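Q: Got a structure here, written out as structure tokens. Questions coming.
Taken together, the values in this text are just the output of simple stated rules run on the coordinates, not laboratory data. Just so you know, these numbers come straight off a predicted model, no measurement behind them. Heads up, the Cβs are rebuilt from the backbone with ideal geometry, glycines too, and the neighbour counts pull from every protein chain shown.
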Amino acid sequence: MNKPTPAAVPAAFSRDIKTIVNAGLQRRHAAERRFRSYGLIAISLGLLFVVLMFANIIGKGYPAFWQTYVQVPISFDPAVIDPQGTRDPVAIESADYAALVRAGMRRMFPTVEGRTELRALYALVSSDATYELQRRIHQNPALIGSSQEIWLLASATVDTLVKGNIDRALDETERPIKDNQIGWVDKLQAAGKIEKQFNTILFSSGDSREPEQAGIRGALMGSFYTLLITFLLSFPIGVATAVYLEEFAPKNRWTDLIEVNINNLAAVPSIVFGLLGLAVFINFFDLPRSAPLVGGLVLSLMTLPVIIIAGRAALTSVPPSIREAALGMGASKLQMVGHHVLPLAMPGMLTGAIIGMARALGESAPLLMIGMVAFIVDVPKGIMDPATVLPVQIYLWSDLPERAFVERTSAAIMVLLAFMVLMNGLAIILRKRFERRW
Amino acid sequence: MLKQKLVLALAATFVVTGAAYAQSARDYISVVGSSTVYPFTTAVAEQFGKGSKFKTPKVESTGTGGGFKLFCSGVGVQFPDVSNASRAIKKSEIETCAKNGVTDIVEIKIGFDGIVIATSKKAKPMALTIKDLWLALAKEIPEPGTGKLAPNPFKTWKDANPDLPASKIEVLGPPPTSGTRDAFVELVMDHGCKEFAAIKELEKVDEKKAKAVCQTVREDGAFIEAGENDNLIVQKLVANPNALGIFGYSFLEENLDKVQGETINGVVPNFDNIADGKYPVSRPLFVYIKKAHVDVIPGIKEFIAEYTSEKAVGDEGYLSKKGLIPLPDAQRKQVSANANSLKTLAP
């Protein structure tokens, strides 16, 4: 491009260029404005979808954090609990607590008669009520013989009705709850005998087929053990691999091949790692199906390439002058890496590891193969107990017919999202606090 | 070096823990199989865990075929004890089982599951027949008159049957991997095509071709594979009143405020009609038990007893509340007697 100086160009000609430039200028500004607005539109569309997703999930899920309870007058009749009067713990354990619940319900509605009517009445409280009474007596046998007003868990249909998710205007046959049941619930509500309490069950119990008794503790513990194994395996191995490849390995065809393979592994669909885990850990090493140990092993295979790649990037960002200075002071290569390079690269490595772990936390496909897509009631107590993980729990709940599982599914998603945000937040804090710019 | 040692140490850990695990017997029942039976078996498992001294069984949702694959891999604590199935076990699967030493299998028929064809409540009900459904959904149909096979030309339900409304054919159904799809093909498509003389003729000449013609679902967008999640199909029906959806009866029962089941051959899909066998699109559900595990894994006998008890599978049992249609009384008694005496399948 030649730049004509104004002096060298005749005045008329220069005016001509000016008009040409001016005419084009508007177009160029318009093009820039257009480009900016495309960018804005793209960002706001993205944000809109995020907001929609969050609004949808939170809107559906927040009622699940409250649970309806019914206050029932229970009389711990010794004739039912301990007819022999021996106070034998085994006999007390196996007493007919359901009869106590039924008696309590009848006491509230003495006029209800007939088998079907009574069944409908008993269906207002959850089947957990029986076990609740059993637990109370187990804790405090002195209760036998007393009468108490006890808050018992309401059934899922009552819970859904109280939360306003059942249309009362519908015909009786189209509702999961019958007219007479709605009548009783209304009476109880008017008498203040129905109350919504914070849903501790959601966080304290394992899976259940009854929505009101289902919780995510089993899945949370399963996720915890699985991620623990994943971290313990993939972080040291990943860091060691990254350090060796970056600092010690000779640059030759073999290391190139390894590098290409690691990059490829990072892009392999996760289900493939599940198949590998099934073949190697379960079929060959005879490890138990559904165990967090196997889940952790499979997920660490998946997370390793991510950690290695992030680790190598963190190592390359440490300037060579640090290495040279250390070597110049007489440090050995291992001391140079151990005392200087690794500490400086660690924040970046940890960030990579946390992002890899967050990905592993959200993974469900490879776990299908190794049997972690399962209904497990007992909360796992170790890495060998059968377990499931949070995303799998969400998948399983979303596929159940009961309406009350919809809000629980969303609540579980909220918990999963909270952990994701937490982990990614931690990664950002680590990067901001400890990363050094050169 | 360090890495090598690590790898060696890890490998050693697996072998040791694996061996330790194999030696210590599993103390809970392991169930695998169909996602259709999953909601029922899990309910039984939970009741069993709460009401007995045994641990709650673990129930995996792997699909019927995947379940049998695991179930038939062998005898031993590392293999499952029970397999859920939304169809009867196939001969080929029995053979695989036998090859791996799983010879004695106890079958429990737990009840029926209706497959409903439903629309949004906003849509006008259609009186469908199995023949209409086949005409609307088959890939190739015989031309009227000549009986020659031609790609399905029908765009609206009215094309298939003049009594039906002129709305677009749009059916949301499960993918071929699903047991519900198998059952739909077997109960609707296979029967629907037999109503045509041309297909019957073809069956005499070339049975395989006839079967393919009967069972192949059209791929031009009229039948939409909507995934395994039945709740999703219900949601899509609400959003699109013109569409029909295929799913299990329990999802209809839970969503009666949103969707309605279409009558098939004049029969309404409801509890009584499916239980009586009047409703044509219903299938039995099964649970299979490995007899060799019965005294090895604690609680299997008691689990069978729970699964065949009146309080579970009876007319008013807890499974009927979850949408399982109970067997007729006499059959139920027979099934229960056979299962509790551990009568195995004839080889």
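Q: Can you give the mean number of other chain Cβ atoms that lie within 10 Å of the Cβ atoms in peptide A:371-381? Walk me through the numbers before you get to the answer.
A: Values: counts 7, 1, 6, 11, 14, 8, 11, 5, 0, 0, 0.
Mean partner-chain Cβ count within 10 Å for A:371-381: 6.
Q: Give me the aspartates and glutamates in straight-line cross-link reach of B:LYS148: C-alpha distance below 13 Å, same-chain residues under 8 apart excluded.
A: B:GLU140, B:GLU201
Q: When a footprinting reagent is the concern and you count Cβ atoms within 10 Å, what order do A:TRP254, A:TRP66 take, fewest first?
A: Values: A:TRP254 10, A:TRP66 17.
With the sparsest Cβ surroundings first, the list reads A:TRP254, A:TRP66.
Q: In this model, which of B:LYS91/B:LYS158; B:LYS53/B:LYS258; B:LYS155/B:LYS278; B:LYS55/B:LYS278 are farther than 32 Å apart at the alpha-carbon?
A: B:LYS91/B:LYS158; B:LYS53/B:LYS258; B:LYS55/B:LYS278
Q: At a 10 Å Cβ-Cβ cut-off, how would you order A:LEU400, B:LEU256, fewest neighbours first? Numbers along the way, then the final one.
A: Working: A:LEU400 24, B:LEU256 18.
Ascending Cβ contact count within 10 Å gives the list B:LEU256, A:LEU400.
Q: Provide the gained length on full extension for the span A:ARG253 to A:ARG136, in nm with one decimal, where the gain is 0.36 nm per separating residue minus the Cα-Cα distance.
A: Full extension from A:ARG253 to A:ARG136 adds 35.1 nm.
Q: Which FRET efficiency value, to the nearest 0.05, is calculated for A:ALA99 and B:LYS69 with the Förster distance at 41 angstrom and r the Cβ-Cβ distance?
A: According to the calculation, E is roughly 0.35.
Q: Using +1 on the beta carbon of Lys and Arg, -1 on that of Asp and Glu, and nothing else charged, what's the dipole of the range B:195-347 about the Cα centre, debye to 20?
A: Once rounded to the nearest 20, the dipole reads 540 debye.
Q: Which GluC sites (Glu not before Pro) from the range A:113-185 combine a DSSP loop assignment with at most 11 other Cβ atoms within 10 Å?
A: Passing both the DSSP loop test and the Cβ count: A:GLU113.
Q: For chain A, what does the helix formula give at 222 nm: sum of -39500 (n - 2.57) over DSSP H segments with n ≥ 4, over the residue count, nearest 500 deg cm²/dmol?
A: Only helices count here, giving -19500 deg cm²/dmol.
Q: Separate question: For peptide A:384-393, compute the average count of partner chain beta-carbon atoms within 10 Å of each residue's beta-carbon.
A: What the average comes to for A:384-393 is 2.
Q: If each DSSP helix of 4+ residues adds -39,500 (n - 2.57) and the sum is divided by the residues in chain B, what number results at 222 nm, nearest 500 deg cm²/dmol?
A: Only helices count here, giving -11500 deg cm²/dmol.
Q: What's the angle, to the nearest 10 degrees (0 to 90), between helix A:342-361's Cα axis and the longest principal axis of chain A?
A: Helix A:342-361 sits at roughly 40 degrees to that axis.
Q: Using Cα positions and a limit of under 23 Å, work out the lysines in reach of B:LYS58, with same-chain residues fewer than 8 apart set aside.
A: Once the sequence-local lysines are set aside, what remains near B:LYS58 is A:LYS381, B:LYS50, B:LYS69, B:LYS109, B:LYS290, B:LYS291, B:LYS301, B:LYS311, B:LYS321, B:LYS322.
Q: Of the trypsin sites (Lys or Arg not before Pro) in the range B:145-198, which ones lie in a loop per DSSP and count no more than 12 other C-beta atoms within 10 Å?
A: Working: sites: B:LYS148, B:LYS155, B:LYS158, B:LYS168, B:ARG181, B:LYS194; in loops: B:LYS148, B:LYS155, B:LYS194.
Qualifying residues, ordered by number: B:LYS148.
Q: Shifting gears a bit: If amide hydrogens are placed 1.01 Å from N in the peptide plane, which non-local residues have theirs closer than 5 Å to the one on B:THR156?
A: B:ILE169
Q: If amide H atoms are built 1.01 Å from N in the plane of the peptide, which residues on other chains or at least 5 residues away come under 5 Å of the amide H of B:SER282?
A: It is B:ILE115, by chain and number.
Q: Which peptide among A:227-237, A:176-186 comes first, and what is the full order, when sorted by highest mean count of other Cβ atoms within 10 Å?
A: The densest-packed peptide leads the list: A:227-237, A:176-186.
Q: Related question: Counting C-alpha atoms alone, how compact is chain B: give Rg to one decimal and Dmax as a whole number, in angstrom.
A: 23.2, 80
Q: Give the percent of DSSP beta bridges with both residues in chain B that are antiparallel, rounded to the nearest 5.
A: Rounded to the nearest five, the antiparallel share is 70 percent.
Q: Nearest 10 degrees is fine. How inclined is helix A:404-434 to the longest principal axis of chain A, computing both from alpha carbons?
A: 40
Q: With +1 assigned to the C-beta of every Lys and Arg and -1 to the C-beta of every Asp and Glu, and no other charges, what is the dipole magnitude of the protein assembly as shown about the Cα centre in debye, to the nearest 20?
A: Magnitude of the dipole: close to 2940 debye.
Q: Follow-up question, since we're still on this one. May I ask you to give the average projected area over all directions of the convex hull of the Cα atoms of the range A:217-434, in nm² rounded to one decimal?
A: Values: hull surface 55.0 nm².
For the range A:217-434, the mean projected area of the Cα convex hull comes to 13.8 nm².
Q: Then there is this: What size of dipole, in debye to the nearest 20, comes out for chain A about its Cα centre when the only charges are +1 on Lys and Arg C-beta atoms and -1 on Asp and Glu C-beta atoms?
A: So the dipole magnitude of chain A works out to roughly 2500 debye.
Q: Ranked highest first by the average count of other Cβ atoms within 10 Å around their residues, in what order do B:242-253, B:272-283 fall?
A: Listed from highest to lowest mean packing, they are B:242-253, B:272-283.
Q: Now for a separate question. For the protein assembly as shown, build the charge dipole from Cβ charges (+1 Lys, Arg; -1 Asp, Glu) around the Cα centre, then report which of A:ALA427, A:VAL377, A:GLY296 sits farthest towards its positive end.
A: A:ALA427
Q: Apply the Karplus curve 6.51 cos²θ - 1.76 cosθ + 1.60, θ = phi - 60°, to the phi angles in the range A:237-244 and return the couplings in whole Hz, x for Gly and Pro.
A: Rounded to whole hertz, the list is 5, x, 5, 4, 5, 4, 5, 4.
Q: Something else about it: Tell me, what does the Kirkwood hydrodynamic radius of the protein assembly as shown come to in angstroms if you use every pair of distinct C-alpha atoms?
A: 30.6
Q: Would you order B:MET126, B:MET189, A:MET357 from fewest to most other beta-carbon atoms within 10 Å of each residue's own beta-carbon?
A: On the way: B:MET126 17, B:MET189 20, A:MET357 23.
Going from sparsest to densest Cβ surroundings: B:MET126, B:MET189, A:MET357.
Q: Based on the Cβ-Cβ distance from B:ASN240 to A:SER37, what FRET efficiency comes out when R0 is 35 Å, to the nearest 0.05?
A: It comes out at approximately 0.55.
Q: From other protein chains only, count the Cβ atoms within 10 Å of every residue's Cβ in B:76-84, then give the mean. Please list the in-between numbers first.
A: Values: counts 1, 2, 6, 1, 2, 0, 0, 0, 0.
Average neighbour count from other chains, rounded to a whole number: 1.
Q: Here's another thing I want to ask about it. Taking +1 at the Cβ of each Lys and Arg and -1 at the Cβ of each Asp and Glu, which of B:PHE184, A:GLY311, A:MET329 sits farthest along the dipole of the protein assembly as shown towards its positive end, judged by Cα position relative to the Cα centre?
A: Highest projection toward the positive end goes to A:MET329.
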